[in-house]
Amino acid sequence: MKQSLIHGAAAPRAVRHDKKRAAAKQVPNRILLVLFLVLDLSLGLTNAATDAPPSAPAILEQVRLQQTQQQLDLQGQLRSGATIIPFRITQTGPVIRYTFANPPVVLQLRLGRDGSRLALVKDTSTEKFAASRLDEKIGGTGVTFGDLALSFLYWPDPQLIGADSVRTRACWKLRLHPPSKEAQYSTAVLWVDQESGAIMRLEAYDWKNQLAKKFEIVSAQKIEGRWFLKQMRIEEMQPGTNKAQSRSYLEINK
């Protein structure tokens, strides 16, 4: 970070320290998650007059709305041990495109008002991504093709189950259930930053109600004046335990 200047001179030490403390408290307001493109602006999720918590449907509605307004073109990689899979992610409004080098595949995700649609891109056309492949891991990492579909954002009857904190940030905690047992997960628990609306953590549970996978932001970075994800950790859990059996990382390159 460049040193602050006052009339061409270095800022006093006390001022520099105050600015460092303030910077440490800031939340990146435009973060890219492994599955999820977060907000450009604050959601304003609390009622200023009453400080009442927002409803869970209101939180998800605002998150979905913001997701359709992103414009992105970023390079990154999925990393698991010695395995590194480069990818490119671009977005124009409600259409997100993932281009993976290995395996060589291009996916397109369209975010609608009532649901999302994951498609396989072939030359100039697209076809619906096969449901039989949704559980398939991308290049042996902990991320599946189904994780990219963002279907949990559209699950009905979300529940606001309280407030919590993630990396010192105050968050709303939501519990979501799919409308049918055809879904990859039985439950998703989200931690949504109260100030920015960013999803800071996601836990996914299998149909035995055991924790199956955890996604969490580790760090962020500023690129051309905008905040983006720097690293996100994806943990696959040992069945019936809270211990990770594998870890993968999604990293965005400057």
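The values are calculated or read from the model by the stated rules, or taken from the named source; none is laboratory data. Quick caveat: nothing in here was measured; it's all calculated off a predicted structure. Here Cβ is always computed from backbone atoms with ideal geometry, including for glycine, and neighbour counts include all displayed protein chains.
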Taking the range 65-89 as the region of interest, how many residues are in contact with a strand residue (DSSP E or B) (Cβ under 7 Å, 6 or more places away or on another chain) and under 18 Å from residue 199 (Cβ atoms)? 7
Residue list for the range 163-184, filter: part of a loop (DSSP other than H, G, I, E, B), surrounded by 14 or more Cβ atoms within 10 Å (Cβ to Cβ) and in contact with a Phe, Trp or Tyr (Cβ under 7 Å, 6 or more places away or on another chain): 177, 178
Would you check which residues across the range 57-82 are of a type outside the set (A, V, I, L, M) and either outside any strand (DSSP E or B) or over 22 Å from residue 144 (Cβ atoms) (or both) and list them? 57, 61, 62, 64, 66, 67, 68, 69, 70, 71, 73, 81
Pairs with Cβ under 7 Å, 6+ apart, first in the range 119-130 and aromatic (Phe, Trp, Tyr), second not in a strand (DSSP E or B): 129/145
Single match in 231, 245 (criterion: touching an Asp or Glu at 6+ places or on another chain (Cβ under 6 Å), exposed (fewer than 15 other Cβ atoms within 10 Å of the Cβ), at pLDDT 85 or above and closer than 21 Å to residue 82 by Cα): 245
Please enumerate the residues belonging to the range 132-162 that are in contact (Cβ under 8 Å) with a residue 40 or more places away in the chain, farther than 17 Å from residue 192 by Cα and in a helix (DSSP H, G or I). 147, 148, 149
Of all residues in the range 185-211 being of a type in the set (D, E, K, R), assigned to a strand (DSSP E or B) and under 28 Å from residue 136 (Cβ atoms), the one that is modelled with the lowest pLDDT: 201
Pick from the range 208-217, criterion touching a strand residue (DSSP E or B) at 6+ places or on another chain (Cβ under 9 Å) and in contact (Cβ under 8 Å) with a residue 24 or more places away in the chain, ranking: surrounded by the most Cβ atoms within 10 Å (Cβ to Cβ): 217
Please enumerate the residues belonging to the range 199-254 that are under 11 Å from the mean Cα position of the chain (by Cα) and farther than 28 Å from residue 62 by Cβ. none
